[in-house]
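Everything on this sheet refers to the single structure shown next.
The values are calculated or read from the model by the stated rules, or taken from the named source; none is laboratory data. Since this is a predicted model, take the numbers as computed values, not measurements. In this analysis, Cβ positions are derived from the backbone assuming ideal geometry, glycine residues included, and neighbour counts consider all displayed protein chains. When the accessible area is computed, the model is the full protein with side chains, heavy atoms only, and any ligands, DNA or RNA have been set aside. Shrake-Rupley method; radii C 1.70, N 1.55, O 1.52, S 1.80 Å.
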Amino acid sequence: MFKGNFYKIIKQGMSALLCGGLLFSQPGIIYASENTAAQVTAAPEHSSTYSQAADTDSIKGWPAGPNIEGESAVLMDAVTDTVLYSKNADNKLYPASITKIMTALLVCENLDMNDSLTMSEAAAYGIEAGSSTIYAETGEVFTVEQAVMALMLESANEMALALAEKTSGSVKKFVELMNQRAAQLGCKHTHFNNPNGLHDEKHYTTASDMMKIAKAAWYNPLFRKFVTTQTYEIPPTNKQPETRYLLNHHKMLAGQSYAYDGVLGGKTGYTTNAGNTLVTYAKRGNSILIAVVLNSTNGAFPDTASLLDYGFNNFEKADLNVDPDPVTTPFLPCEKYLLKDNGNTSLFHYIRHVYVTVPTGTDTGTLTKKQWVLNNSVGPKRIKSKYYLDDHMVGYGMQYEKEILSDLLLQTSL
């Protein structure tokens, strides 16, 4: 049964062009890029939002952001959480295949990569014609790692269904898990309705919410393995006698058509309704930036290059050199009868340096600070300090309780 829009070619040592999109060709199975000519051909004129000023342009002392074709975008420093660029960040839009970042994150959090995965008929043939696939067959066995590589590199939609079933028992339960995790990450305007991003009017997100998901995924070391891999091979399986050769279709990676110095990886997406969507991770010097672009053209690669140029060329990460000495809290006189070491107890301390990301040349002494205690349902309390430039958050620090108060209670003798 035919499924998907990839043209599968089984031939030794063959290279070809398909609809203007270069095929990844090595001995074995060759798949067309997700971003075929229909998606990457330059638009004849700018989008309706191209000349719209960035929301961050209104910040006093902030460099003016670039014009981009994308309807919505966010650029953020992954270490300080500073939003460097924001445009229509809370507009609800369709994410297309960048949905698979959440899918991959949940798989990384819940499954063993060495476990086997057997394709159900519902997964193998549950995707619409014209969508990305590696032609996995009913009953075909993969490892979880192979399935995630197919998901992230070739954007295989049937693998999203199979991984959802493997993780939660059913696609429906996995979608519930996706929405639960999004809420945990602070997403306010996101609703997932499938694990692969194929068009559904009830499946949407925002650039701001997608940034939260992208950052959480990046800080999962296992996820980083998948999002930064350029090529991968799936050897012959019980159903397929040929090796599958997978290629990461993020064209800003080294050696690809939009190669950009410092790009580490990311995820592409495209549907007719969503336009081009793109998440990109990049590093230069001591800065790691994440870019999210929604509803763009030409693969969203030129937009992302403009955003990364803007971020790397106009901002710097600065160490505030905060006093590492713990914050002490005075106790009431009566507490000397309840607590050990009364009067000599340090409660909160920093465990790492505090950084901010600011326009190059900014005097960090002019920043303002807001501070409050975070109460955890379990575990020690924390003091969070946020630093602001013209009411725009540019970094934060966290002080952790050195000892839980109950641990300081004197032990009564019987």
At the level of C-alpha centres, the distance separating segment 75-92 and segment 201-220, in angstrom, is 11
When every protein chain stays in place and a 1.4 Å probe is rolled, ILE134, ILE288 sorted by accessible area with the largest first are ILE288, ILE134
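What part of the accessible area of segment 114-202, given as a whole %, is carbon or sulfur when the probe is 1.4 angstrom?
45
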The answer for trypsin sites (Lys or Arg not before Pro) in segment 37-132 that fall in a DSSP coil and have at most 10 neighbouring Cβ atoms within 10 Å is LYS60
Under 5 Å from the placed amide H of LEU389, counting only residues 5+ away or on other chains, we find VAL394
Rounded to the nearest Å, the spacing of the alpha-carbon centers of segment 119-170 and segment 293-318 is 31
Per residue, accessible area of segment 94-243 with a 1.4 Å probe, heavy atoms of protein chains only, in Å², comes to 36
Checked against a 23 Å limit on the C-alpha separation, the offending pairs among LYS173/LYS239; LYS215/LYS283; LYS202/LYS251; LYS188/LYS283 are LYS173/LYS239; LYS202/LYS251; LYS188/LYS283
